[in-house]
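Here the structure comes first, spelled out in structure tokens, and everything after it is commentary.
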Amino acid sequence: MDKDVDNNMVKIIDGKEEAARIREEIRIETEELKREKRIAPGLRVILVGDDPASQAYVRNKEKASAEAGIDGQTLRYPASITENELISVVKKLNSDPVVDGLLVQLPLPKGMNTQKVLDAISYEKDVDGLSPLNMGKLLRGENPLFVACTPKGIMHLILSTGIELKGKEAVVVGRSNIVGKPMALLLLEKHATVTICHSRTKDLGEVCRRADVLVAAVGFPELIKGDMVKDGAIVIDVGTNRVDGKWVGDVEFEPASKRASFITPVPGGVGPMTIAMLLENTLIAAKRRAGII
Ligand code: NDP
């Protein structure tokens, strides 16, 4: 979709449309898998506690799974569940043959060792791509079974622009395990020259202005100002911040649009791709069970 902002043709990357296209492909492939191999992809989401945002994310995953024909179920536990009990649940699901994908909705309640719980997930069912083996393989440049859904979805969007990444300057703002770090590794794999920024970066504007590809994954509304965007850059806004009842990204959209060649909106950019990639990873896991791949 094209949008004219002050006579400068910036292309808005429509994540919603791209995600819908991918989800339809997944639905068709799931139907085939059921028909030909009698296998229904199974996804289990473990939700602990009653965080309202997590509940909404989980509901979206349930709905998207159902639409794709994936057997997606949420297992809900009270915040009082102990770490060991939770790990036992994970282990039981690891050995359940109808479960292809397994994920623990984050954040876990305070006091729980998130890393320890995630480490218990079998790497073959780790559709969130956060297990040490999948992340380690990504780091070593070996094909992981699963790549974390948000950066994987972002790569789809960046590649959809048709811009060659080889030799380009890429800047990722944010160094979380779930977005920033895997994102930087994926860009590196495509031969971009990658810089990762974080809260201690000295001159964020100066670094961002070098970026041919700028990915903002911070969680601070409009931290990236328009004048921090290089002319012609691809700008990917991962941030989802609630401001006065509205979703606002980490990038100041209008001024950034005047400089960028491509930009993702919030909402409707990265968010829809994350769920599409979760379904895609679950389908990959089910195809492995079927012995197709
Ligand atoms: P985290 O809080 O885990 O990480 C935020 C990162 O931003 C940290 O590395 C932090 O640095 C860095 N940071 C904080 N302040 C600054 C600053 N002033 N300048 C530069 N860097 C800074 O967040 P996530 O990675 O989990 O998520 C980031 C955003 O993306 C959030 O808004 C989240 O809601 C959104 N998100 C959206 C998804 C989607 O599907 N649309 C999926 C996942 C996340 P340091 O390490 O030094 O603390």
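Annotations for the structure displayed:
One line per residue, one yes/no per condition, for (1) of a type in the set (A, V, I, L, M); (2) within 20 Å of Cys149 (Cβ to Cβ); (3) within 15 Å of the ligand (Cβ to nearest atom):
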site: Leu185; (1), (2), (3): yes, yes, yes
site: Lys190; (1), (2), (3): no, yes, no
site: His198; (1), (2), (3): no, no, yes
site: Leu204; (1), (2), (3): yes, no, yes
site: Cys208; (1), (2), (3): no, no, yes
site: Val215; (1), (2), (3): yes, yes, yes
site: Leu223; (1), (2), (3): yes, no, yes
site: Gly226; (1), (2), (3): no, no, no
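- Qualifying residues in region 89-125 (those that are of a type in the set (Ser, Thr, Tyr) and open to solvent by less than 70 Å² (accessible area, probe 1.4 Å)) - the one farthest from Arg76 (Cα to Cα): Tyr123
- Flag for Arg259 being within 16 Å of the ligand (Cβ to nearest atom), open to solvent by 10 Å² or more (accessible area, probe 1.4 Å) and basic (Lys, Arg): no
- Residues of region 228-256 classified as open to solvent by 50 Å² or more (accessible area, probe 1.4 Å), assigned to a strand (DSSP E or B) and away from the ligand (no atom under 12 Å from the Cβ), total: 1
- Of residues in region 19-60 being open to solvent by 90 Å² or more (accessible area, probe 1.4 Å) and farther than 18 Å from Ala285 by Cα, the one farthest from the chain's Cα centre (by Cα): Asp50
- One residue stands out among those in region 153-183 that are within 11 Å of the ligand (Cβ to nearest atom) and of a type in the set (D, E, K, R): the one that is farthest from Glu17 (Cα to Cα), which is Arg175.
- Residue tally, condition of a type in the set (A, V, I, L, M) and in contact with a Cys (Cβ under 8 Å, 6 or more places away or on another chain), over region 160-218: 6
- Thr274 within 15 Å of the ligand (Cβ to nearest atom), touching a residue at least 60 places away in the same chain (Cβ under 8 Å) and either in a helix (DSSP H, G or I) or crowded, with 22+ Cβ neighbours inside 10 Å (or both): yes
The values are calculated or read from the model by the stated rules, or taken from the named source; none is laboratory data. Everything quoted here is computed from the prediction, not taken from an experiment. FYI the Cβ positions are ideal-geometry reconstructions off the backbone, even for glycines, and counts take in every protein chain you see. All accessible areas refer to the heavy atoms of the entire protein, side chains included, with ligands and DNA or RNA removed. Shrake-Rupley method; radii C 1.70, N 1.55, O 1.52, S 1.80 Å.
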